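**Q** Submitted below is the structure of interest, expressed as structure tokens.
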Amino acid sequence: MSSKEEALRANGSFNHRYRNVHADVFKTSRFFDARDIVQVKYEMLRAVERDGDSVTDAVGEFGFSRKTYYQISRAFDEGGLNALVPKKTGPKGPSKLRGEVSGFIDSFLSGDEKANAKEISGQMEAELGIRVHPRTIERYLEKKTKPTAVRQQSAE
């Protein structure tokens, strides 16, 4: 693996579908690299905007769908070149432990410091109608306390 490929992978800009890029510019120039997703997206937009290629032809040459082309185009119009850099995918944090859920956990523990995650989960479902797995509550508590003071789920 080349150092450039390693760098692209490390910063999230590696085009895993680089073999689907058939545009001549990526075949005839050492400067252009189909493994660089930012270059591929930009050149696709440029082919439509500057060179007058149809969207259908461009997506076929650059390995994208029409829907993705329009998403990329909109992102570029709103955020410039930086908008073409892939963002981290996946969850950005705990999805259920916001607002009233974390408040409920903290409030419950202020009334019963020895409560375990299973008790908190059951009470939360009963009172709020929100189901949160006990292990999710344990992870929340681990982040709030020192590792030695972690509240563990009691054995059944």
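**Q** Taking amide H atoms as placed 1.01 Å from N in the peptide plane, list the residues 5 or more away in sequence, or in a different chain, whose amide H sits under 5 Å from that of GLY63.
**A** It is HIS22, by chain and number.
**Q** Continuing with this model, one more query. Report the calculated FRET efficiency for ASP57 and ALA83 (r = Cβ-Cβ distance, R0 = 35 Å), to the nearest 0.05.
**A** 0.90
**Q** Run the numbers on the chain and let me know its relative contact order in percent, using alpha-carbon pairs under 8 Å that are six or more apart.
**A** Normalised by residue count, the contact order of the chain is 15 percent.
**Q** May I ask you to derive the FRET efficiency for LYS67 and SER29 from their Cβ-Cβ distance with R0 = 35 Å, giving the value to the nearest 0.05?
**A** For LYS67 and SER29, the calculated efficiency is 0.80.
**Q** With labels modelled as points extended 7 Å from the Cα through the Cβ direction, what inter-label distance (nm, one decimal) is found for GLU125 paired with LYS143?
**A** For the pair GLU125/LYS143, the computed spacing is 2.3 nm.
**Q** Whose amide H sits under 5 Å from the amide H of ASN15, counting only residues 5 or more places off or on another chain, with H placed in the peptide plane?
**A** ASP36, ILE37
**Q** Along its principal axes, what span do the Cα atoms of the stretch 3-84 show, with the longest given first and each in whole Å?
**A** That gives 34, 28, 19 Å along the principal axes, largest extent first.
**Q** Which value at 222 nm does the chain reach when only helices count, each DSSP H run of 4 or more adding -39,500 (n - 2.57), with the total divided by all residues and rounded to the nearest 500 deg cm²/dmol?
**A** -15500 deg cm²/dmol
**Q** Related question: Which ³J(HN,Hα) values, rounded to whole Hz and listed in residue order, are derived for the stretch 122-137 from phi using the Karplus coefficients 6.51, -1.76 and 1.60 in 6.51 cos²θ - 1.76 cosθ + 1.60 with θ = phi - 60°, glycine and proline given as x?
**A** Calculated HN-Hα couplings, in order: x, 5, 5, 5, 5, 8, 9, x, 10, 9, 10, 4, x, 5, 5, 5 Hz.
**Q** Another question about this same structure. Given 37 °C and 0.692 mPa s, compute D for the chain with the Stokes-Einstein relation, Rh being the Kirkwood radius over Cα pairs; round to the nearest whole µm²/s.
**A** Approximately 168 µm²/s, per Stokes-Einstein.
**Q** Hey, what do the phi angles of the stretch 115-121 turn into as Karplus ³J(HN,Hα) couplings, whole Hz, using 6.51/-1.76/1.60 and θ = phi - 60°, x for Gly and Pro?
**A** With coefficients 6.51, -1.76 and 1.60, one gets 5, 9, 4, 5, 5, 4, 4 Hz.
**Q** If you wrap a convex hull around the alpha carbons of the stretch 100-149, what volume per residue comes out, as a whole number of Å³?
**A** In the stretch 100-149, the Cα hull volume divided by residue count equals 69 Å³.
Taken together, the values in this text are just the output of simple stated rules run on the coordinates, not laboratory data. On a predicted model such as this, the values are computed, not experimentally measured, just so you know. Reconstructed Cβ throughout: ideal geometry from the backbone, glycine too, with neighbour counts over all protein chains shown.
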